[in-house]
Structures are given as C-alpha cells and as structure tokens.
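Chemist: This structure is in structure tokens; I'll ask about it shortly.
Computed from the coordinates by the stated procedures, all read-outs in this text should not be read as laboratory data. Please read all numbers here as calculations on a predicted model, not as lab measurements. Here the Cβ is made from the backbone with ideal geometry for all residues, glycine too, and neighbour counts use every protein chain on show.
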Amino acid sequence: MLNFSQDIHSLTEFKRKTAAFMKQLKERGRPVVLTVNGKAAFIVQDAESYQALVEAADRYEAIAALQEGMAQSAHGEGISLEKFDRKMRSRHGLLR
C-alpha cells in the first residue's frame, strides 16, 4: 500500500539519491511515485513486486473470464464442449 508521507518524491530527488531509493524499493516492496512540477509523473517499483502485481492481474482476469463463462452457461448460452472440440479441430485441421 502506498504511504503518502514516504512514497512520493520529486524526480529530481530520485535522480540525486538513486541508490538510496533502490534500497528503499527493495526493503519496503512498495512503489514510489515520482513527481514533475508537483504532479505525479512516474511510478517506480522493484522487479519482484512488479512481477507479483502482474501475476495478480493475470489471476483476476482468469477468474473474471471463468465467472463470465459460468454466468453464460447458467443462462443457457454458449456451446457444448463436444461442439467446441469439433469446431476447433476442423478449423485447425487437427485429427481426433
């Protein structure tokens, strides 16, 4: 979670103290907001935290797609697995 008193800094300060910021990013695992002319311009975070964020987004998208499919199925929409299988095999020239 972003801590507004600790995680918002100017780009100029970041450039002057890059090594200290890199240490902070690793230790805290929180992103840092960098400002230009007092407005948020960039967000910097360590690679491990970014990877975790990307994986969480991927999981969310998969869950949302499954929920949508289940809702469609509950409403009688969609096609059977057998029909889907035949259609995909035919489209891609795959044998059974």
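Chemist: At what distance in nm do the modelled label points of Met88 and Ala62 sit from each other, each positioned 7 Å from its Cα along Cα→Cβ?
Modeler: My value for the distance between the label points is 1.5 nm.
Chemist: Only helices at least 27 Å long along their own axis, judged from Cα atoms, and with Kyte-Doolittle mean hydropathy of 0.0 or greater: name those in the chain from DSSP H.
Modeler: Working: long enough: 47-74 (40 Å, -0.10).
Membrane-span-like by this rule: not one helix.
Chemist: Next up: Between Ile43 and Met70, 0.36 nm times their residue separation minus their Cα-Cα distance comes to what? Working shown, then result.
Modeler: Values: separation 27, 0.36 × 27 = 9.72 nm, distance 3.64 nm.
Gain on extension, Ile43 to Met70, equals 6.1 nm.
Chemist: Treat the chain as a sphere of radius equal to its Kirkwood radius over Cα pairs and apply Stokes-Einstein at 37 °C in a medium of 0.692 mPa s; give the translational diffusion coefficient in µm²/s, rounded to a whole number.
Modeler: 188
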